[in-house]
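The structure under discussion appears below in the form of structure tokens.
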Amino acid sequence: MRDELLYAHILLALAVAVIAVIIIRQKNKSPLTKNLSILGAVVSWISVLPAGLLYLNFYPATKTLILSNAWPWAHEVIMETKEHWGLLVPVFATVAAWLVLTGKEKESKKWWTLVLVMVVLIGIFGRLVKLGALA
Amino acid sequence: MKLKFNFFAGVTASSLLLTLMVIVAELYAPFKDILKAVFGHHWIGKVVIMAIVFFAVSYLYRDKKFSEKNAWYSAIISVSVILLFYIVNYMVSA
């Protein structure tokens, strides 16, 4: 179950990142951008589910391990930040999608860039947390 | 189709509220305990409250003018303050 949730968590985050990149790179208005925006926002909300299930059911054991290892900051700073930044991503993606749907594609790119940067940073943070459990 | 939401208002309210909840929950244990008691876990409490505030404020302020600039700065401030808070909190408690 843990592995399935982890794969779902990573794949959904990757999907949001890919959608953000496609929209950022779009030069002209197109129906594709609108559909992708809706998809990006919906997927970002859905991605909270596997992330939450992992965090609530499987992370406590990892947390104990990290706090007893050499990198307690991997939990105290990195994971604490990650678990809350993750809540902001769907909110930002919804704003970005709303801008696209209201004809403000150009303005939406700034928000999609924020979504992309946060997803990438959250991914890096996830790797640091994993390393913290092994440190 | 005219969308009946103003997500600039929603993102401003919800991102700043999340930042506030993060700080208060860390510094004032009874608040974290209340979230745990009501929602089962403090993180679930923050998700639920933030999502409700995001959509409720976006809907309630649907006809009000709300600047994109304020929404953007609220988002950036929230992201930055959450990270900085945990860095400082770790350094103080280490």
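The rows are residues; the columns are (1) open to solvent by less than 50 Å² (accessible area, probe 1.4 Å); (2) of a type in the set (Phe, Trp, Tyr); (3) more than 20 Å from A:ALA96 (Cβ to Cβ); (4) free of Cβ contacts under 8 Å to residues at least 60 places away in the same chain.
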{"position": "B:MET50", "(1), (2), (3), (4)": "yes, no, no, yes"}
{"position": "B:ASP63", "(1), (2), (3), (4)": "no, no, yes, yes"}
{"position": "B:PHE66", "(1), (2), (3), (4)": "no, yes, no, no"}
{"position": "B:ASN89", "(1), (2), (3), (4)": "yes, no, yes, no"}
- For A:LEU56, all conditions in the list (1) among the hydrophobic types (A, V, I, L, M, F, W, C); (2) out of contact with any Leu (no Cβ under 7 Å at 6 or more places or on another chain); (3) at the interface with chain B (Cβ under 9 Å from one of its Cβ atoms); (4) touching a residue at least 24 places away in the same chain (Cβ under 8 Å) hold save one; what is the number of the exception? (4)
- Query: under 12 Å from the mean Cα position of the chain (by Cα) and more than 11 Å from chain A (Cβ to nearest Cβ) - does that describe any residue in segment B:25-44?
  - Reply: no
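Does B:LEU83 meet the test of being in a helix (DSSP H, G or I), among the hydrophobic types (A, V, I, L, M, F, W, C), without any contact (Cβ under 8 Å) to a residue 12 or more places away in the chain and facing another protein chain (nearest Cβ under 8 Å)? First the steps, then the outcome.
Details: in a helix (DSSP H, G or I): yes; among the hydrophobic types (A, V, I, L, M, F, W, C): yes; without any contact (Cβ under 8 Å) to a residue 12 or more places away in the chain: yes; facing another protein chain (nearest Cβ under 8 Å): yes.
For B:LEU83, the condition - in a helix (DSSP H, G or I), among the hydrophobic types (A, V, I, L, M, F, W, C), without any contact (Cβ under 8 Å) to a residue 12 or more places away in the chain and facing another protein chain (nearest Cβ under 8 Å) - is met.
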- Item | Test: A:LEU134 is farther than 20 Å from B:ASN89 by Cα and at pLDDT 95 or above | no
- Task: Go through the residues of segment B:68-75 one by one and say whether even a single one is in a helix (DSSP H, G or I), free of Cβ contacts under 8 Å to residues at least 60 places away in the same chain, of a type outside the set (Phe, Trp, Tyr) and open to solvent by 50 Å² or more (accessible area, probe 1.4 Å).
- Result: yes
- Query: If we scan segment A:90-108, do we find a residue that is crowded, with 20+ Cβ neighbours inside 10 Å and of a type in the set (D, E, K, R)?
  - Reply: yes
- Message: Looking at segment A:64-76 only, could you name the residues that are surrounded by fewer than 18 Cβ atoms within 10 Å (Cβ to Cβ) and away from every other protein chain (no Cβ under 11 Å)?
- Response: A:THR64, A:LEU65, A:LEU67, A:SER68, A:ASN69, A:ALA70
- Note on the structure: A careful count of residues in segment A:111-121 that are within 10 Å of chain B (Cβ to nearest Cβ) and either exposed (fewer than 15 other Cβ atoms within 10 Å of the Cβ) or among the acidic types (Asp, Glu) (or both) gives 1
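The values are calculated or read from the model by the stated rules, or taken from the named source; none is laboratory data. Given the structure is predicted, the values throughout are model-derived calculations rather than measurements. With ideal geometry, Cβ positions are generated from the backbone for all residues, glycine too; neighbour counts draw on all protein chains shown. Heads up: the accessible areas ignore ligands, DNA and RNA and are worked out on the full protein's heavy atoms, side chains in. Shrake-Rupley method; radii C 1.70, N 1.55, O 1.52, S 1.80 Å.
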